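**Q** Supplied in structure tokens, the structure appears directly below.
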Amino acid sequence: MDNQIQIEVLIKRKIYSSANFYSVYLVMLNDQTEKTMTAVGYVPQLELDQIYILTGQYKEHYRYGLQFEIQQYEKLLANSTETLIKYLSSSLFPGIGKVKAQRIIDYYGTDLLTQIQEDDDFVFTDPFLSIENQQTLINQLRTEVELEKQINFFAQHGITMRQTLKIEQIYGKDAITKIKENPYRMVDEVEGIGFKTCDKLASSLGFKKDHPERISAILVFETLQDCLNSGSTFTTIEKLLKRLPKYKLDDDKFSIGLQETINSRRLVLDNEALYHKSQYEAEVINANYFNQMPIQKITPLTKDLDQLIQDYQAQQNIIYDESQIKAIKGFFNNDKTIITGGPGTGKTTIIQAIIALFREAYPHYDLAICAPTGRAAKRLKEIVNVNVTTIHSLLEWNLETNKFARNEVNPVLNDILIIDEFSMVDNYVMSALALAMPKVRKILFIGDKDQLPSVGPGFLIRDLINSGVFSVNVLDVNYRQNQESHIIDIASAINQGRFDQSKILGDVVHINQRNYIKESVIEVTRLALEKGYTIDDVQVLACKYDGSDGIDQLNLLLQRNFNPQDEHKREFRFGYMTFREGDKLLQLKNQPDDFVFNGDIGTLVEIVFKAESDDNKDRLIVDFDGNIVEYDTEIMIHLKHAYCTSVHKAQGSEYPIVIFVGSPQHRFMMNKRLFYTAVSRARNGLILIGPELVFSDAAKYDHSPQIKTKLVERINGM
């Protein structure tokens, strides 16, 4: 078969098999993307938790989305030759690919690393490497020999290279010893490695199913999973016990393990509330902060505030409504202020006024102005014309360690803290701000209280509004609305729990479609482009990645239709994705050194192949509104196609045209806040595609009361 490709996968689960050997497996790509997908074909039993090389093609199933069709397969044995090839051809040794690595091993044998480590006079005698590359390799091998041992050890136990590098970063040369003693410690100590990975490793190391460390890890993992699923900062023992039968262990062992885990403070029991220690600490830090700040107040205002506002309105040729003036005064007259309002109510205009007026009244105070995402920060910066950063940049977040350099030991010394799009801030990030900004004299949080809460546990904007310690100002006049626009009308109806068909007028369109959703998305996008909009103006939103109507499949189809293969455009395959020049791409992680952040959208302007580069690396060159960023294969994992994105990724942004997919496949993920957030991203046009029942059910379902926290109680000393 033409165009066959090979992928390396870890077999996760068998979904289906028939008598004639047709099988469907859930697999994870054993590369940086670690994408899970289905692989199908006529194959005998494949071993779970084993790595295979699959040969075949990607295909699109109408119902299940992107799949890999297996033509051939080969089990990848975790022997020293294979792991050594992986090691030598990794990014640690630029210029050595798999072919050259195999030649080196064939020439010197699999004990090459031992030879170099033990013989100080070792020299290369083969013809494969230049003198410069020989010296680079020999130096690197001697400094990285411990890492090679770790890669070899962890590969034999099914741990990916990416995970191994994280483990090495935490434990250094003692990694193998520490993990052999207790592999479950990684649940708490290594970012991105969860219970399932630890459990698989522990099993291969001979740990019993009822080992106390395993039981404790299960309890910690399931507690955190329940919080992540519900959005709550805590669970209860009763709810936790309902999650445990699948492990098929004795209830008494869990009871003993729970008490020991609580005694060790990995879990915290606060009356009936059971917390993961990180969420408990964060909630307590936040409550104490909002109770105690400011330690020192700003000096009394010497100028007449009414006159300042009046003069500013004259300068800007603007007249503020009553709620806006009240919000401005609320900031000046209170230490802690929240301004909330829906789309078009002038939140950004008020921020601009507050910043200008405060700087005029208090020129000697320092302001920290930030937002949760790079896109939101950039948008605010363009409007208010002042320096705006992401929260992570303000706290000097380290991508590799996932730690903040700014903390209680190394604080941020700004006097005023202003955060836009505050509804996106979670419990943990707020606690990091609280620790790093002890001397803040005045706080202003701006956001839409009706939007989606943060992805992480907690519902800060709701809790702080309900706490009674903030001055809360609601902006209730819409300035974006006009007689031809019904976007705000339908958003308001959704907020009231109704999908009001009478509001489907003018710039709001509903395509009541169940079976041809993808085709409708393509057709609507095509019509928008014919009317003069660009692909950057049109943003497709959905709430699920997998499935035939999911984000991944829609991105594939939108790319094929609106940036198709062209002999004049280069393309580069990375995992399951094909990047093509001209692609619309989404940044998934903060890269502060490149000034590109989670949620930023750019255009792939050039692909440079490794044969053309000095360091023998493939590269993508992406333009983020004039900020040019280079990606080699080590950080391409931070990119994804952006023709279609999740609603969460779109939060904090606005687009001329929004196409929101309400597929029946997504109905269990739909809710009022998600629906409202998606709709309120649209500025000029909104197209809803999906059955009426999916949208009407979403408008009725408000999941936010299920989000439980104790922040209000802690702030109020209850």
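**Q** Would you confirm whether or not region 56-75 contains a residue that is outside any strand (DSSP E or B), basic (Lys, Arg) and modelled with pLDDT under 70?
**A** Within region 56-75, one or more residues are outside any strand (DSSP E or B), basic (Lys, Arg) and modelled with pLDDT under 70.
**Q** Please go through region 111-127 and pick out each residue that is more than 43 Å from the chain's Cα centre (by Cα), among the polar types (S, T, N, Q) and not in a loop (DSSP other than H, G, I, E, B).
**A** Just the residues of region 111-127 that are more than 43 Å from the chain's Cα centre (by Cα), to begin with: 115, 118-127.
Now restrict to residues that are among the polar types (S, T, N, Q): 115, 125.
Listed by number, the list holds a single entry, 115.
**Q** Moving on to the next point. Would you tally the residues in region 207-220 being open to solvent by 60 Å² or more (accessible area, probe 1.4 Å) and over 16 Å from residue 260 (Cβ atoms)?
**A** Adding up the residues that qualify gives 2.
**Q** To continue, here is another question. In the set 569, 649, 589, which member is under 30 Å from residue 402 (Cα atoms) and in contact with a strand residue (DSSP E or B) (Cβ under 8 Å, 6 or more places away or on another chain)?
**A** 649
**Q** Also, quick follow-up: Please identify the pairs in which a residue from region 266-280 that is without any contact (Cβ under 8 Å) to a residue 40 or more places away in the chain has its Cβ atom under 8 Å from the Cβ atom of a residue that is hydrophobic (A, V, I, L, M, F, W, C) and open to solvent by 40 Å² or more (accessible area, probe 1.4 Å), counting only partners at least 6 apart or on another chain.
**A** Close Cβ pairs satisfying both conditions: 269/237; 272/237.
**Q** Any chance you could count how many residues in region 382-401 are open to solvent by 50 Å² or more (accessible area, probe 1.4 Å) and either among the aromatic types (Phe, Trp, Tyr) or modelled with pLDDT under 85 (or both)?
**A** Of the residues in region 382-401, 7 are open to solvent by 50 Å² or more (accessible area, probe 1.4 Å) and either among the aromatic types (Phe, Trp, Tyr) or modelled with pLDDT under 85 (or both).
**Q** Which of the residues that make up region 206-257 are in contact with a strand residue (DSSP E or B) (Cβ under 8 Å, 6 or more places away or on another chain), under 27 Å from residue 180 (Cβ atoms) and hydroxyl-bearing (Ser, Thr, Tyr)?
**A** 223
**Q** Something else about it: Out of the residues in region 113-154 meeting the condition of being closer than 30 Å to residue 202 by Cβ and open to solvent by less than 20 Å² (accessible area, probe 1.4 Å), tell me which one is modelled with the highest pLDDT.
**A** Filtering region 113-154 for residues that are closer than 30 Å to residue 202 by Cβ and open to solvent by less than 20 Å² (accessible area, probe 1.4 Å), the one modelled with the highest pLDDT comes out as 154.
**Q** Could I ask something else about it? Name the helices (runs of 4 or more DSSP H) wholly within region 264-351 that hold at least 2 residues that are among the aromatic types (Phe, Trp, Tyr) and out of contact with any Cys (no Cβ under 8 Å at 6 or more places or on another chain)?
**A** In region 264-351, 277-292, 322-333 are the helices (runs of 4 or more DSSP H) which contain 2 or more residues that are among the aromatic types (Phe, Trp, Tyr) and out of contact with any Cys (no Cβ under 8 Å at 6 or more places or on another chain).
**Q** Specify the residue that is nearest to residue 284 (Cα to Cα); the eligible residues are those in region 240-261 that are open to solvent by 30 Å² or more (accessible area, probe 1.4 Å) and hydrophobic (A, V, I, L, M, F, W, C). Show your work before the answer.
**A** Applying the first criterion (open to solvent by 30 Å² or more (accessible area, probe 1.4 Å)) to region 240-261 yields 241-243, 245-253, 255-256, 259-260.
Okay, now just the ones that are also hydrophobic (A, V, I, L, M, F, W, C), so 241, 249, 256.
Values: 241: 25, 249: 33, 256: 27 Å.
Among them, the one singled out is 241.
**Q** Show the residue pairs meeting these rules: Cβ distance below 6 Å; 6+ apart or different chains; first residue within region 632-648 and within 17 Å of residue 572 (Cβ to Cβ) and at pLDDT below 95; second residue of a type in the set (S, T, N, Q) and open to solvent by 20 Å² or more (accessible area, probe 1.4 Å).
**A** Note: pairs meeting the criteria are 634/91; 637/32; 637/33.
**Q** Go through (1) under 25 Å from residue 33 (Cβ atoms); (2) in contact (Cβ under 8 Å) with a residue 40 or more places away in the chain for residue 209 and report which single condition fails.
**A** (1)
**Q** Among the residues of region 567-574, is there at least one that is in contact (Cβ under 8 Å) with a residue 40 or more places away in the chain and under 21 Å from the mean Cα position of the chain (by Cα)? Don't jump to the end; show me each part of the working.
**A** The first filter runs over region 567-574 and keeps only residues in contact (Cβ under 8 Å) with a residue 40 or more places away in the chain, leaving 572-574.
Adding the requirement that they be under 21 Å from the mean Cα position of the chain (by Cα) leaves 574.
Among the residues of region 567-574, at least one is in contact (Cβ under 8 Å) with a residue 40 or more places away in the chain and under 21 Å from the mean Cα position of the chain (by Cα), which makes the answer yes.
**Q** Oh, and also: Considering each of 301, 258, 267 in turn, give the residue that is closer than 27 Å to residue 474 by Cα and hydrophobic (A, V, I, L, M, F, W, C).
**A** Going through 301, 258, 267 in turn, just one is closer than 27 Å to residue 474 by Cα and hydrophobic (A, V, I, L, M, F, W, C): 301.
**Q** Yes or no: residue 275 surrounded by 18 or more Cβ atoms within 10 Å (Cβ to Cβ), farther than 30 Å from residue 237 by Cβ and not aliphatic (A, V, I, L, M)?
**A** Answer is no for this residue.
**Q** Kindly establish whether residue 286 is within 30 Å of residue 713 (Cα to Cα) and open to solvent by 50 Å² or more (accessible area, probe 1.4 Å).
**A** no
**Q** Answer yes or no: is there a residue in region 223-233 that is hydroxyl-bearing (Ser, Thr, Tyr), part of a loop (DSSP other than H, G, I, E, B) and buried (at least 17 other Cβ atoms within 10 Å of the Cβ). Before you say what the answer is, go through the steps one by one.
**A** From region 223-233, those hydroxyl-bearing (Ser, Thr, Tyr) are 223, 230, 232-233; that's our starting set.
Remaining after also requiring part of a loop (DSSP other than H, G, I, E, B): 232-233.
In the following step, the residues that additionally are buried (at least 17 other Cβ atoms within 10 Å of the Cβ) were identified as 232-233.
Looking through region 223-233, at least one residue is hydroxyl-bearing (Ser, Thr, Tyr), part of a loop (DSSP other than H, G, I, E, B) and buried (at least 17 other Cβ atoms within 10 Å of the Cβ).
**Q** I'm told residue 191 meets every condition in (1) part of a helix (DSSP H, G or I); (2) among the acidic types (Asp, Glu); (3) under 25 Å from the mean Cα position of the chain (by Cα) except one. Can you identify the failing condition by its number?
**A** For residue 191, the failing item is (1).
**Q** Determine if region 522-540 includes at least one residue that is of a type in the set (Gly, Ala, Ser) and closer than 24 Å to residue 701 by Cβ. Give the steps one after another, and end with the answer.
**A** Our first condition is that a residue be of a type in the set (Gly, Ala, Ser); within region 522-540, this holds for 528, 532.
Applying the additional criterion that residues be closer than 24 Å to residue 701 by Cβ yields none.
No - not one qualifying residue is present in region 522-540.
**Q** List every residue pair whose Cβ atoms lie under 7 Å apart, where the two residues are 6 or more positions apart in sequence or sit on different chains, the first residue falls within region 370-386 and is under 15 Å from residue 347 (Cα atoms), and the second residue, located anywhere, is among the β-branched types (Val, Ile, Thr) and open to solvent by 10 Å² or more (accessible area, probe 1.4 Å).
**A** What qualifies is 370/389; 377/389; 380/348; 383/348.
**Q** Could I ask something else about it? Can you tell me which residue is surrounded by the fewest Cβ atoms within 10 Å (Cβ to Cβ) among those in region 322-345 that are at pLDDT 90 or above and out of contact with any strand residue (DSSP E or B) (no Cβ under 7 Å at 6 or more places or on another chain)?
**A** Ranking the qualifying residues of region 322-345, first place goes to 322.
**Q** One residue is enough: does region 600-609 have a residue meeting the conditions under 24 Å from the mean Cα position of the chain (by Cα), crowded, with 17+ Cβ neighbours inside 10 Å and among the acidic types (Asp, Glu)?
**A** Among the residues of region 600-609, at least one is under 24 Å from the mean Cα position of the chain (by Cα), crowded, with 17+ Cβ neighbours inside 10 Å and among the acidic types (Asp, Glu), which makes the answer yes.
**Q** Separate question: What pairs come up if the first residue lies in region 668-693 and is closer than 13 Å to residue 448 by Cβ, the second is outside any loop (DSSP other than H, G, I, E, B) and of a type outside the set (A, V, I, L, M, F, W, C), and their beta carbons are under 6 Å apart, counting only those six or more places apart or on different chains?
**A** Close Cβ pairs (under 6 Å, with a partner that is outside any loop (DSSP other than H, G, I, E, B) and of a type outside the set (A, V, I, L, M, F, W, C)) amount to 676/495; 681/655.
**Q** Follow-up question, since we're still on this one. Can you find even one residue in region 350-364 that is among the charged types (D, E, K, R), open to solvent by 20 Å² or more (accessible area, probe 1.4 Å) and closer than 30 Å to residue 649 by Cβ?
**A** No.
**Q** If residue 434 meets every condition in (1) without any contact (Cβ under 8 Å) to a residue 40 or more places away in the chain; (2) more than 19 Å from the chain's Cα centre (by Cα) apart from one, which number is that one?
**A** With (1) without any contact (Cβ under 8 Å) to a residue 40 or more places away in the chain; (2) more than 19 Å from the chain's Cα centre (by Cα) applied to residue 434, the lone miss is (1).
**Q** Among (1) open to solvent by 50 Å² or more (accessible area, probe 1.4 Å); (2) touching an Asp or Glu at 6+ places or on another chain (Cβ under 8 Å); (3) closer than 22 Å to residue 701 by Cα, there is one condition residue 457 misses while meeting the rest; what is its number?
**A** If we test residue 457 against (1) open to solvent by 50 Å² or more (accessible area, probe 1.4 Å); (2) touching an Asp or Glu at 6+ places or on another chain (Cβ under 8 Å); (3) closer than 22 Å to residue 701 by Cα, just (1) comes out false.
**Q** Sticking with this one: Would you mention how many residues in region 402-422 are surrounded by 14 or more Cβ atoms within 10 Å (Cβ to Cβ) and in contact (Cβ under 8 Å) with a residue 40 or more places away in the chain?
**A** 10
**Q** Another one. Spot the failing condition for residue 18; the list is (1) at pLDDT 80 or above; (2) of a type in the set (Gly, Ala, Ser); (3) exposed (fewer than 14 other Cβ atoms within 10 Å of the Cβ), and only one is missed.
**A** (1)
**Q** Restricting attention to region 580-618, and to residues there that are in contact with an Asp or Glu (Cβ under 7 Å, 6 or more places away or on another chain), without any contact (Cβ under 8 Å) to a residue 60 or more places away in the chain and charged (D, E, K, R), which single residue is farthest from residue 381 (Cα to Cα)?
**A** Within region 580-618, the match that is farthest from residue 381 (Cα to Cα) is 610.
The values are calculated or read from the model by the stated rules, or taken from the named source; none is laboratory data. None of the values given here were measured: they were computed from a predicted structure. All Cβ positions, even for glycine, are placed from backbone atoms using ideal geometry, and neighbour counts span all protein chains on display. The accessibility values were calculated without ligands, DNA or RNA, using every heavy atom of the protein model including side chains. Shrake-Rupley method; radii C 1.70, N 1.55, O 1.52, S 1.80 Å.
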